[in-house]
Amino acid sequence: MDKIIIVDIEKCLACKSCEIACALAHSRSKILSEAAQESPKPQRMMAVEAAGEYGVPIQCRHCESAPCIEICPTGAIHREDEQSPVVVEADLCIGCKLCMLVCPFGVLKIGKEGRAIIKCDMCYERLKEGMVPECVEACPTGAIKLVSLEEVTKSRRKEASEQIVRESGSGKGRQGKAKRVKGGK
Amino acid sequence: MRKVVVIGGSAAGMMAAISAAVYDSNADVTVVSRDLTAYRRPGIPALVAGYISDPAGAGVFAGETLGQYKIRLICPAEVTNINVKTKTVSVQGEGKIQELGFDSAVIATGGYPIIPKIPGSEKKGVYTFTTFEGAQEIVEATREAETAVVVGAGFVALEIAESLMHKGLDVYFNVRSRILRKIVEPDVSEFLSRRFDKSGLKMLIGEAISEVGGAGSVEYVVHKSKKISTKVVIMGTGVKPSVSLAEKCGIALGSSGAIKVDNRMQTSVADIYAAGDCAESPDLGTGRFVYSPVGSIGAMAGRIAGANAAGGNEESKGFLRAQTDEILGMQIFSIGHSTTTAKEVNLAVTVRDLRAPVSGQDDRGAGSFETGKLLTDIDNRIVGAQLVSVYHGSQYAWQLYQAVLRGKDREKFLKEFNSPRRKFTETMLATAGSTISVENVGDDNALRWQNKLCQKQEQ
Ligand SMILES: Cc1cc2nc3c(=O)[nH]c(=O)nc-3n(C[C@H](O)[C@H](O)[C@H](O)COP(=O)(O)OP(=O)(O)OC[C@H]3O[C@@H](n4cnc5c(N)ncnc54)[C@H](O)[C@@H]3O)c2cc1C
């Protein structure tokens with residue numbers, strides 16, 4: 001995968017705009033007022049979970065060696081190539097639910113309509129056209145982001161180097177924590 | 001060109017056909033199916049709930065998929081005979097009777113619903129639902145009805161009950177023994193019964209209904225000498241293997257009554273294979289042959305049968321039964337053996353209670369479970385696990401699945417399972433069965449093998 005979805009939980013307000021956008025994208029009408037009337041109700045493929053005092057938007061992690069792909073007895077769950085998200089080919093899904101059993105994140109669901117398994121496909125069609133997934137687009141605070149792995153590693157490197165500076169500076173009182181602690185006394 | 005004929009067009013049959021075509025792309029593969037169109041059986045509750053109105057709503061293995069593998073589908077049509085000497089099957093359908101020759105055949109005729117022998121169970125108003133046609137009758141019958149009685153113990157009966165509740169019916173659920181008897185321990189059954197009852201499913205437990213009464217059609221049932229008015233009785237009491245075709249041509253049956261096969265899914269007759277709800281299958285831990293009518297095993301066995309029918313030499317190391325479902329807000333997981341199934345294969349097991357540090361929804365972020373079980377054999381290897389959760393039980397279920405699949409050592413497993421953040425406790429409950437040692441546990445070759453086929457398919 002060259003792009004992944006990351007979440008900055010400090011920015012998440014748990015407003016659930018992402019959930020609504022996701023459900024709407026998977027509705028029949030794609031129009032909010034009409035989608036709300038559909039039966040079964042449009043299902044969302046991601047959720048904002050409460051974790052302590054935080055809200056955490058969670059969608060399929062598209063694991064590199066994905067347990068759901070490994071266990072699927074019909075090959076319905078697959079990825080087109082190494083860079084693609086994990087998707088379900090409903091026409092091969094016999095509804096046996098083994099994938100739900102092995103997913104560490106609990107993000108696979110039974111589709112209400114035909115009881116095939118449904119899951120986040122990272123809005124694959126949008127991705128192919130250079131757009132971001134619906135949940136990313138809908139997030140008002142920028143808590144959910146689509147980033148390339150290079151961007152992630154770069155910002156991690158930056159964070160790590162800053163931390164090194166902070167820590168090495170603590171003994172010499174050059175900056176940051178150590179200084180502030182002194183000043184506080 | 002090798003001719004492969006598959007009898008049955010559902011999970012096992014279709015996977016056998018695809019697997020045969022993948023194995024030998026020159027093979028001439030034909031599927032004969034009684035179904036109007038192929039559909040996933042687990043889609044049936046969606047029909048009962050009113051979310052879909054025809055089998056196509058839960059359609060699988062569409063023409064496009066089959067076309068891709070050059071598989072010919074003859075449906076709706078019925079195989080009326082297998083002639084093992086001339087290697088032909090008689091097919092009745094499309095307005096004619098034809099003889100199809102084969103080099104190898106796969107029997108994947110599935111199962112048919114058991115109707116318990118209760119006085120009056122032949123009355124109009126008694127339904128089954130293993131096919132869309134059967135379920136369609138339930139849909140018609142429940143359009144006006146206010147009450148329904150579902151008889152059964154397994155997941156599918158519970159799914160149908162929930163679907164009817166969703167439609168606003170008063171639903172009674174009758175279990176002769178206990179809920180999910182085959183796959184969970186007694187106290188888990190009890191726990192679930194209490195919860196379901198609280199959710200509005202009226203439980204009639206501990207005794208079968210003694211009568212289905214009424215003049216002509218159903219008007220009431222009797223349970224523990226209490227009369228309950230209803231016009232609809234649904235039998236969800238499990239399936240029996242459809243073996244009449246196989247029996248007629250002299251194919252041996254196993255002790256369970258399902259078609260006897262070996263680890264290559266071959267029957268007692270050369271070049272004829274069987275898979276799915278009509279056949280037995282090897283159990284992962286013990287290697288013994290059991291009757292496990294679940295779609296996942298049917299599909300895996302179908303793949304092996306199909307590859308071998310096309311000239312391959314694939315062998316199963318045994319299948320691990322693993323099931324999960326969500327019923328009335330409860331996530332239920334059952335992996336590998338329960339004390340009930342362990343007894344069937346003479347496996348001595350020890351059952352332990354697995355308790356999460358928090359129960360209920362207090363610590364929502366971490367996920368939790370209400371009750372859990374860990375089953376080990378005499379060598380302390382994990383052979384089964386059960387979990388009931390209302391919130392993200394899958395966080396633990398996947399670890400338990402891995403543990404059962406690999407037959408992990410219990411103590412080692414618990415060390416991994418208990419991270420610094422969470423501390424699980426377990427209590428020994430009971431030891432059951434006679435002592436028989438288990439060989440072959442801890443082999444993930446079955447999984448590996450599945451992958452191999454997957455990769456082939458992708459190429
Ligand atoms: C409501 C419901 C929910 C379920 N949920 C799950 C689940 O969550 N997980 C799971 O693993 N399993 C589940 N199952 C079980 C699963 O669906 C079955 O194990 C699976 O369908 C078995 O597949 P099969 O191909 O062996 O047989 P079947 O699905 O029974 O199909 C048999 C096929 O053979 C054909 N046939 C039979 N006789 C003939 C003949 N003489 N000539 C031509 N064709 C013939 C039939 O038309 C059909 O196509 C569920 C079942 C039901 C009913």
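Can you give the convex hull volume of the alpha carbon atoms of chain B per residue, in Å³? Provide the component values of the computation, followed by the final result.
On the way: hull volume 72.1 nm³, N = 459.
Expressed per residue, the convex hull around the Cα atoms of chain B is 157 Å³.
Contour minus end-to-end for B:ASP197 and B:GLU78, with contour as 0.36 nm per residue of separation and end-to-end as the Cα-Cα distance? Could you put the intermediate results ahead of the total?
Working: separation 119, 0.36 × 119 = 42.84 nm, distance 4.26 nm.
Gain on stretching B:ASP197 to B:GLU78: 38.6 nm.
Give the residue list of GluC sites (Glu not before Pro) in segment B:190-222 that are DSSP loop and have at most 13 other beta-carbon atoms within 10 angstrom.
Those that pass, being in a loop and sparsely packed, are B:GLU207.
Collect residues whose amide H, placed 1.01 Å from N in the peptide plane, falls under 5 Å from the amide H of B:VAL239; neighbours closer than 5 in sequence don't count.
Answer set, sorted by chain and number: B:ILE114.
Kindly state, to the nearest 0.05, the FRET efficiency for A:MET131 paired with A:GLU64, given R0 = 30 Å and r defined as their beta-carbon distance.
Values: r = 24 Å, r/R0 = 0.79.
That pair, A:MET131 with A:GLU64, gives E of 0.80.
May I ask you to list the lysines whose Cα is less than 21 Å away from that of A:LYS145, ignoring any residue fewer than eight positions away on the same chain?
Hits, sequence-local ones excluded: A:LYS3, A:LYS11, A:LYS16, A:LYS119, A:LYS128, A:LYS154, A:LYS158.
To the nearest 0.05, how large is the calculated FRET efficiency for B:GLU133 and A:THR153 if R₀ is 41 Å and r is the Cβ-Cβ distance?
Efficiency, rounded to the nearest 0.05: 0.10.
Taking the solvent-accessible surface of protein heavy atoms with a 1.4 Å probe, what is the per residue accessible area of chain B in Å²? Intermediate values should be presented prior to the final figure.
Working: 18750 Å² over 459 residues.
I get 41 Å² per residue for chain B.
Please give the total accessible area that chains B and A bury against each other, computed with a 1.4 Å probe and expressed in Å² to the nearest 100.
Accessible area lost upon association: around 3200 Å².
Mind giving me the nanometre distance, one decimal, between the label points for B:GLU207 and B:SER25, set 7 Å out from Cα along Cα→Cβ?
6.5
Assuming R0 = 25 Å, can you tell me the calculated FRET efficiency for the pair A:THR141 and A:ALA50, based on Cβ-Cβ distance, to the nearest 0.05?
Values: r = 17 Å, r/R0 = 0.68.
About 0.90, to the nearest 0.05.
Along its principal axes, what span do the Cα atoms of segment B:187-311 show, with the longest given first and each in whole Å?
58, 37, 22
Have a look at A:ILE71, A:GLY169, A:ILE117 and report the one farthest towards the positive end of the charge dipole of chain A, computed about the Cα centre with Cβ charges (Lys/Arg +1, Asp/Glu -1).
Highest projection toward the positive end goes to A:GLY169.
Averaged across B:230-241, how many Cβ atoms of other chains sit within 10 Å of each residue's Cβ atom?
0
Might you list the cysteines of chain A that have no disulfide-compatible partner by the rule of another cysteine's Cβ under 4.7 Å?
That list is A:CYS12, A:CYS15, A:CYS22, A:CYS63, A:CYS72, A:CYS93, A:CYS96, A:CYS103, A:CYS123, A:CYS139.
Just reorder B:GLU416, A:GLU53 by solvent-accessible area, largest first, 1.4 Å probe, all chains present.
Values: B:GLU416 105, A:GLU53 175 Å².
Largest accessible area first, the residues go A:GLU53, B:GLU416.
HN-Hα J couplings of segment B:138-152 from phi, Karplus 6.51/-1.76/1.60, θ = phi - 60°, integer Hz, Gly and Pro as x?
Running phi through 6.51 cos²θ - 1.76 cosθ + 1.60 with θ = phi - 60° gives 5, 4, 4, 5, 9, 4, 9, 5, 10, 10, 9, 10, 9, 10, x Hz.
Of B:LYS182/B:LYS343; B:LYS182/B:LYS240; B:LYS85/B:LYS248; B:LYS3/B:LYS87; A:LYS30/B:LYS167, which ones are farther than 18 Å apart at the Cα?
A:LYS30/B:LYS167
Of B:HIS166, A:HIS78, which has the most accessible area and how do the rest follow, probe 1.4 Å?
Listed by decreasing accessible area, they come as B:HIS166, A:HIS78.
Under the Kirkwood approximation for Rh and a Cα-based Rg, what ratio Rg/Rh is obtained for the protein assembly as shown? Mind showing how you got there, number by number?
Details: Rg = 26.5 Å, Rh = 26.5 Å.
On the Cα set of the protein assembly as shown, Rg over Rh gives 1.00.
Return the sequence-ordered ³J(HN,Hα) values of segment B:285-298 in whole Hz as given by the Karplus equation 6.51 cos²θ - 1.76 cosθ + 1.60 applied to θ = phi - 60°, using x for Gly and Pro.
Taking θ as phi minus 60°, the curve returns x, 9, x, 7, 8, 10, 9, 10, x, 10, x, 4, 5, x Hz for segment B:285-298.
Over the alpha carbons of segment A:3-183, what is the largest minus smallest coordinate on each principal axis, giving the biggest first in Å?
65, 38, 33
Using a 1.4 angstrom probe on heavy atoms only, work out the carbon and sulfur share of the accessible area of segment B:115-237 in %.
The C+S portion of the solvent-accessible surface of segment B:115-237 is 49 percent.
Please list the three semi-axes, largest first and in whole Å, of the ellipsoid equivalent to segment B:115-237, using sqrt of 5 times the eigenvalues of its alpha carbon gyration tensor.
Numbers: eigenvalues 91, 51, 37 Å².
Here the semi-axes work out to 21, 16, 14 Å.
The values are calculated or read from the model by the stated rules, or taken from the named source; none is laboratory data. What you are looking at is a predicted structure, and each value in this text was computed from that prediction instead of being measured. Cβ: placed from backbone, ideal geometry, glycine included. Neighbour counts: every protein chain shown. For the accessible areas, the whole protein counts, side chains as well, though only heavy atoms, and no ligand, DNA or RNA atoms are used. Shrake-Rupley method; radii C 1.70, N 1.55, O 1.52, S 1.80 Å.
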